[in-house]
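Data first, discussion second: the structure below is written as structure tokens.
The values are calculated or read from the model by the stated rules, or taken from the named source; none is laboratory data. Note that the structure is a prediction, hence the values are computed from the model and not measured. Neighbour counts run over all protein chains shown; Cβ positions are idealised from the backbone, glycine included. Accessible surface is based on the protein model in full, side chains and every heavy atom, while ligands, DNA and RNA are left aside. Shrake-Rupley method; radii C 1.70, N 1.55, O 1.52, S 1.80 Å.
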Amino acid sequence: MARPEGLGVFRLSCLFAVFEAACLLDTGMLFPRESSSREVKELNGVWNFRADRSPNRNRGFERAWYKRRLAETGPVIDMPVPASYNDITQDPTLRDFIGWVWYEREAVVWKNTSSWVNGVKVTEHKGGHLPFEAEIGALLRKDPTQPCRITIAVNNTLSLDTLPPGSIQHMSDKTKYPDGYFVQSIFFDFFNYAGIHRSVLLYTTPKAYVDDITVCCFPFISGLVQYKLSVRDAVSATISVTLMDKGGHCVASSSELSGDLKVKDVNLWWPYLMHENPGYLYSLEVRLKAADEKSAYEDVYTLPVGIRTVNVTSTQFLINNKPFYFHGVNKHEDSDIRGKGFDWPLIVKDFNLLKWLGANSFRTSHYPYAEEIMQMCDRHGIVVIDECPGVGIKDIRSFGNASLTNHLVVMDELVRRDKNHPSVVMWSVANEPAAEMPPADFYFKTVIQHTKALDPTRPVTFVSDSNYARDKGAPYVDVICVNSYFSWYHDPGHLELIPLQLNTQFENWYRKYQKPIIQSEYGADTVPGLHSDPPVMFTEEYQNIVLKNYHKVFDEKKKQYVIGELIWNFADFMTSQGVLRVVGNKKGVFTRQRQPKAAAFILKERYWRLANETGILPPWTKYPCSF
Ligand code: BDP
């Protein structure tokens, strides 16, 4: 579509990971949406690709591969976007590649408008899983015949300061390793997939535009939405804010940059299985009109808004002032071939499986998931514990100032991206850090307090390993999340010990902190089709008994202060190779191909029963529902 010259601001938005980048934290990060004033173009598809295999992995920069077509500086292969590059070819060295890889494609921006000045660096971003964007309007030149060339360099090298941390080991023993040999050590249990995992979008706004919207609902106040807008490049602007219900009827409006919208007879946002109409979303339409000496500008952005409150007491988690029990899963962004690449068929299948299971929640273990997934959660009423990539913080050098600063920036980015999702009810700042290390206390106190200051409306947690010291991080959080693997990593094979050990775990944590507790992980590796009675480890029967023994204790403790249970894991997933992993982690209740193991049926029975027992599940959705 043609845009009148001078009105367009073009932005290249990468909803993915990786690459060093300067992302100004004072700008908004609204998901690019089309409207009468905005256009969005997906740059997904097949890109040209080359891994920089030079010894220092730096040839691409030294020889300025971005200055010309990638195919002119060396061989290229086809690479789908979005996808991890690791499992796309038969080449084992690409699967395990560490360093810079280069992506490139050409795109016609919009018919009859300008193309980009190729080869000019527009942005860089540090850290994966969170979006970044660059304004490229200034680089456009009037040459409608030339498509623009977009080059993106991506690097999966981790350091002790990155989130997650990792480290490179250079092997100097010439009797064992060839010259220049190095490996990357990681301290987390999933394959370090890399590449452009999420969509690359090009979008336009008018010159003056709505840059950010923040909506929030405060505990105990029903039907009140507080909002705040930030606008760019509008010297004087007229604002109109309209909150519309599903039928498009205005239920509240304002003409201020910030304020309260009070909704009468409000349709609250409810979790799945807690209400007959879960995931109710209003639309907040923001219209900005501005003018300068040259032109008049109008921008329109519509944000889905769910109205709900969240609150925590010493024994309960309240959504809309009603007790909410998390019966859900931990997930990974992971599947065959595409690795961590975003894939709609997979996402929709996973949501169908979640609903089949009767799961009302998940934790984004161990990094932020694609924004489209968060939008699905909003629409379907799936409650989310939103975790940052603070996984595997195990080395004492990862508790220094550089890491801490980076962790605070990542929390800024995560909150900025996900603050408006009603499905997000809690932030998780880390998974199983080495909390017994002395600097951990100051480190997590700082990160947790920072997160609370960023968003006073949501509780904060960090996920503890039951193994580790119990006094780091936990004093500052609102909800205690504990992972434990009784009869698996502790006393393997001794299923009979689960009730005693789990009971002790809960009692110890609650006695010390008087805060509600979520069992944020438990489970057992299970090779589908492997059977044994009496049960032995790795069989489907063993996984079943682990679950049942945990469930007995949950049933007792949920009468007191246990407010949720999240199985590890929703589906089997890929890990690095090692003697403890047989082609990945097999603790899924579904296989990696999303077929149920026997445990999935046990979980399904339980979750539907739990939903019924809360007494708020309306009769027309009673188990076995429509499945
Ligand atoms: C937990 C970790 C998780 C692992 C799991 C396991 O949080 O990332 O995958 O153990 O070992 O401690 O299966």
Among DSSP bridges having both ends in the range 498-626, what percentage is antiparallel? Round to the nearest 5. 40 percent
Pop out the ³J(HN,Hα) list for the range 341-356 in order, Karplus 6.51 cos²θ - 1.76 cosθ + 1.60 with θ = phi - 60°, rounded to Hz; leave Gly and Pro as x. x, 5, 8, 4, x, 5, 5, 5, 4, 4, 5, 5, 5, 4, 6, 4
Compactness of the range 180-335 - radius of gyration and Dmax, Cα, Å: 21.2, 68
Please compute the net charge surrounding residue 451, taking Lys and Arg as +1 and Asp and Glu as -1 over other residues with Cβ under 13 Å from its Cβ. -2
If you keep only loop residues by DSSP, which trypsin sites (Lys or Arg not before Pro) in the range 233-282 have at most 14 other Cβ atoms within 10 Å of their Cβ? 246, 264
Whose amide H sits under 5 Å from the amide H of residue 464, counting only residues 5 or more places off or on another chain, with H placed in the peptide plane? 432, 481, 482, 483
Part-to-part distance (alpha-carbon centres) for the range 427-501 and the range 513-555, which is given in Å: 20 Å
A student applying the Cα gyration tensor rule (rounded when a/c is under 1.5; otherwise prolate if a/b is larger than b/c, oblate if not) would label the range 293-402 rounded
Selection of trypsin sites (Lys or Arg not before Pro), the range 509-561, meeting DSSP coil and at most 15 other Cβ within 10 Å: 559
Along its principal axes, what span do the Cα atoms of the chain show, with the longest given first and each in whole Å? 76, 75, 48
Below 14 angstrom from the Cβ of residue 336, what's the summed charge of the other residues (Lys, Arg +1; Asp, Glu -1)? 0
Using per-residue counts of other Cβ atoms within 10 Å, averaged over each peptide, order 201-213, 597-609 from highest down. 201-213, 597-609
Under-5 Å amide H pairs with residue 564, H placed in peptide plane, nonlocal only: 326, 519
Residue-averaged [θ]222 nm for the chain, counting only DSSP H segments that reach four residues, each worth -39500 (n - 2.57): -6000 deg cm²/dmol
For residue 412, what accessible area in Å² do you get when you roll a 1.4 Å probe over the heavy atoms of the protein chains, rounding to the nearest 10? 40 Å²
Taking all protein chains together and a probe of 1.4 Å, list 531, 327 from the most accessible to the least accessible. 531, 327
Counting DSSP beta bridges with both partners in the chain, what percentage is antiparallel, nearest 5? 70 percent
Yeah, the range 326-389 with a ≥ b ≥ c from its alpha-carbon gyration tensor (a/c under 1.5 is rounded, else prolate when a/b outruns b/c, oblate otherwise) is oblate
If packing is taken as the average count of other Cβ atoms within 10 Å, what order do 39-45, 296-302 fall into, highest mean first? 296-302, 39-45
From the phi angles alone, apply the Karplus equation (6.51, -1.76, 1.60; θ = phi - 60°) to the range 33-41 and give each ³J(HN,Hα) in whole Hz, x where the residue is Gly or Pro. 10, 6, 7, 5, 10, 10, 10, 10, 10
With point charges of +1 on the Cβ of Lys and Arg and -1 on the Cβ of Asp and Glu, referenced to the Cα centre of the chain, which listed residue (257, 508, 421) lies farthest in the positive direction of the dipole? 257
In terms of modelled amide H atoms, which long-range or inter-chain residues lie less than 5 Å from the amide H of residue 312? 318
Per-residue HN-Hα couplings for the range 532-540 [Karplus 6.51, -1.76, 1.60; θ = phi - 60°; Hz; x = Gly/Pro]: 6, 9, x, x, 10, 4, 6, 8, 5
What net charge is computed for the residues neighbouring residue 531, neighbours being all others with C-beta under 14 Å from the C-beta of residue 531, Lys and Arg scored +1, Asp and Glu -1? -2
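Kindly identify the range 371-523 as rounded, prolate or oblate by the Cα gyration tensor criterion: order the square roots of the eigenvalues as a ≥ b ≥ c, call it rounded if a/c is under 1.5, otherwise compare a/b with b/c, prolate if a/b is larger, else oblate.
Oblate shape, in that a/c is at least 1.5 and b/c is the bigger or equal ratio.
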Throw me the Rg/Rh for the range 156-253, computed over C-alpha atoms with Kirkwood Rh, two decimals. 1.27
